[in-house]
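Structure first, commentary second.
The values are calculated or read from the model by the stated rules, or taken from the named source; none is laboratory data. Since the model is a prediction, treat every value here as computed from it, not as a measurement. Cβ sites come from the backbone with ideal geometry, for glycine too, and all protein chains shown count toward neighbours. To get the accessible areas, we keep the full protein, side chains included, count just its heavy atoms, and leave off ligands, DNA and RNA. Shrake-Rupley method; radii C 1.70, N 1.55, O 1.52, S 1.80 Å.
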Amino acid sequence: MVNIRADGRSCEDYRHMELETDVVSNTSGSARIRLANTDILVGVKAELAIPASDRPDEGRIEFFVDCSANATPKFEGRGGEEFATEISNILSRAYDNQGSLNLKDLCVIPKQQCWVLYVDVMVLECGGNVFDVVSFAVKAALHNTRIPNITVHADDNGRTELELSDDPYDCKRVDVHKTPSIVTVSKIGHFHVVDASMEEEACCLARLMLGITEQSTVTAIKKEGSGSLDPESIYDMMETGKRVGQAVNATLYQKLQEEEKLGPNKRKAGFLG
């Protein structure tokens, strides 16, 4: 069996990625990732709100996706809106589990106040494998997010007051060590590959999108395409997704930590760089 693709990669290889965090100034955290011609920008805003009635002691995370009309001709008309909804839905499903993100840590006062993380995704350019790159950018932006510490005290009338710290270093961080990334496994002929290029996506009749953590936990799964998949193919594709997802998550987390250690010395290209 030949394990070489048209561009020289093996079936389980990703293309080179460029990652930069802290690229948008008016956010709590942000990141930008480029993979080939795919370009994704993510900003996170942390805001106080009332907890949901069914989860009174937890915060929330909400996803909003916008596809630039210039990203690809496919986004003309309502094509971009439909694609944005697909991305938002798979992200929500991947993060909707107790093990990925500690939402209890976002609660300030049970039943009264919590932090809500609004994750805004902008698809600037579409060059293949968008779902995976979006999930990587979301994870990087969450890692970059800083939430102000809050002091809770009561006034003379017994009412609760919140005091937010204005010190940029007096904050808490979001633990992304167990958050999932999306790994898309595409079936092409008798083979299945990750990080499909635009040409490979055109040849793909079926693919599995898997939400995978560094611990190889599957948090979401979605099948796309008109082609069918037999049980053996599904099993093999899931095993590939878990193996690749574990490695990608570990590498991404390591690179995020390395970039953070550089502090003010890191090279910045910026959003328009």
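Using the crude model of +1 on Lys and Arg Cβ and -1 on Asp and Glu Cβ, and no other charge, please compute the dipole size for the chain relative to its Cα centre, in debye to 20.
Values: 30 positive and 43 negative charges, 80 e Å.
In debye, rounded to 20, the chain gives about 380.
Where does each of 124-137, 143-156 land if you order them by average Cβ count within 10 Å, highest first? Don't skip to the end; give the middle numbers.
Working: 124-137: 23.3, 143-156: 14.9.
Result, highest mean Cβ count within 10 Å first: 124-137, 143-156.
Contact order normalised by length for the chain, with contacts defined as Cα pairs under 8 Å and 6 or more residues apart; what percent is it? Please list the in-between numbers first.
On the way: 550 pairs, mean separation 51.8, N = 273.
It rounds to 19 percent for the chain.
With a cut-off of 8 Å between alpha carbons and a minimum separation of six or more residues, what is the relative contact order of segment 141-273 in percent?
Numbers: 184 pairs, mean separation 24.1, N = 133.
Once normalised by length, the contact order is 18 percent.
Which whole-number value in Å² is the accessible area per residue of segment 1-112, probe 1.4 Å? Display every interim value, and only then the final one.
On the way: 6130 Å² over 112 residues.
Counting only protein heavy atoms, the per-residue value for segment 1-112 is 55 Å².
Quote to one decimal, in nm, the extra length available between residue 151 and residue 232 on full extension: 0.36 nm per residue of separation minus the C-alpha distance between them.
Values: separation 81, 0.36 × 81 = 29.16 nm, distance 5.48 nm.
Net length gain for the segment: 23.7 nm.
When the helix-only estimate is applied to the chain (DSSP H runs of n ≥ 4, each -39,500 (n - 2.57), divided by the residue count), what is the mean residue ellipticity at 222 nm, nearest 500 deg cm²/dmol?
Values: 4 runs with 70 residues, N = 273.
Theoretical 222 nm ellipticity from helices: -8500 deg cm²/dmol.
Greater than 22 Å separation of Cα atoms is the criterion. Which listed pairs, 111/139; 223/255; 111/222; 222/255; 139/261; 45/222, meet it? Numbers along the way, then the final one.
Numbers: 111/139 28 Å; 223/255 30 Å; 111/222 34 Å; 222/255 28 Å; 139/261 18 Å; 45/222 28 Å.
Checking Cα-Cα distances, 111/139; 223/255; 111/222; 222/255; 45/222 exceed 22 Å.
Between residue 74 and residue 10, what is the label-point separation in nm under the 7 Å Cα-to-beta-carbon projection?
Each label point is offset 7 Å from its Cα along the Cβ direction, giving 2.8 nm.
So how far apart, in nm, are the two label points at residue 104 and residue 25 if each is 7 Å from Cα heading toward Cβ?
4.0 nm
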